[in-house]
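The values are calculated or read from the model by the stated rules, or taken from the named source; none is laboratory data. Being a predicted model, the structure only gives us computed values, none of them experimental. Cβ placement follows ideal geometry from the backbone for every residue including glycine, while neighbour counts extend to all protein chains displayed. We work out accessible area using only protein heavy atoms, side chains counted, and drop any ligands, DNA or RNA first. Shrake-Rupley method; radii C 1.70, N 1.55, O 1.52, S 1.80 Å.
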Amino acid sequence: MTTRSSGFTLIELLVVVAIIGILSAVGVVSYSGYVSGAQKTAAENTLYQLALAQTEFFTDNRSYKVGGDSQCPATTDTTEDLATALLGGEGTIPKDFNFCAEEGIMIDFQITATAKPASGLICVIILNSNNELDKDGCP
């Protein structure tokens with residue numbers, strides 16, 4: 001009399017593990033693309049919000065809130081300065097980008113969002129006072 005096992009064979013288990021591995025690899029790539037797209041969209045929305053705040057600041061002060069440098073290095077300090085001066089405090093700007101505002105040539109102001117190295121993005125987004133958006137290096 002022979003007994004028959006009702007369990008899975010090793011080959012069947014390896015095939016299932018391989019299929020799960022392929023599906024998870026596709027899912028991770030898709031998810032990371034979704035996350036980076038969401039980060040860029042959040043930065044663009046913040047740029048538009050800062051542009052509106054610049055207009056309000058100009059109405060109150062007859063000048064735009066810009067940094068002292070001619071080349072705008074977007075750093076944590078410039079981001080916090082913009083958040084405090086234009087948006088009412090820290091925590092209002094996405095954490096994956098640094099922002100700065102500068103006087104533009106032939107335009108009133110220009111706001112730059114530069115991706116932080118830790119975010120994994122290589123992206124610079126520039127918005128001028130005419131609401132023209134330039135995505136340099138952003139896929």
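Just one of Tyr48, Tyr31 is assigned to a helix (DSSP H, G or I), open to solvent by 70 Å² or more (accessible area, probe 1.4 Å), modelled with pLDDT of 85 or more and within 21 Å of Leu133 (Cβ to Cβ); which is it?
Tyr48
Kindly indicate whether any position in segment 101-113 is within 13 Å of the chain's Cα centre (by Cα), open to solvent by 30 Å² or more (accessible area, probe 1.4 Å), at pLDDT below 85 and not small (Gly, Ala, Ser).
Scanning segment 101-113 turns up no residue that is within 13 Å of the chain's Cα centre (by Cα), open to solvent by 30 Å² or more (accessible area, probe 1.4 Å), at pLDDT below 85 and not small (Gly, Ala, Ser).
Quick check on Leu23: is it in contact with a Cys (Cβ under 8 Å, 6 or more places away or on another chain) and without any contact (Cβ under 8 Å) to a residue 60 or more places away in the chain?
When the stated conditions are applied, Leu23 does not pass them.
Could you list, in sequence order, the residues of segment 106-127 that are without any contact (Cβ under 8 Å) to a residue 60 or more places away in the chain and assigned to a helix (DSSP H, G or I)?
Pro117, Ala118
Out of (1) over 23 Å from Asn128 (Cα atoms); (2) in contact with a strand residue (DSSP E or B) (Cβ under 8 Å, 6 or more places away or on another chain); (3) among the aliphatic types (A, V, I, L, M), the odd one out for Leu23 is which?
(2)
Give the residues of segment 71-100 that are part of a helix (DSSP H, G or I) and surrounded by fewer than 19 Cβ atoms within 10 Å (Cβ to Cβ), sorted by residue number.
Result: Thr76, Asp77, Glu80, Asp81, Thr84, Ala85, Leu87.
If you take the residues of segment 51-70 that are without any contact (Cβ under 8 Å) to a residue 40 or more places away in the chain and among the β-branched types (Val, Ile, Thr), which of them is surrounded by the fewest Cβ atoms within 10 Å (Cβ to Cβ)?
The extreme case among them is Thr59.
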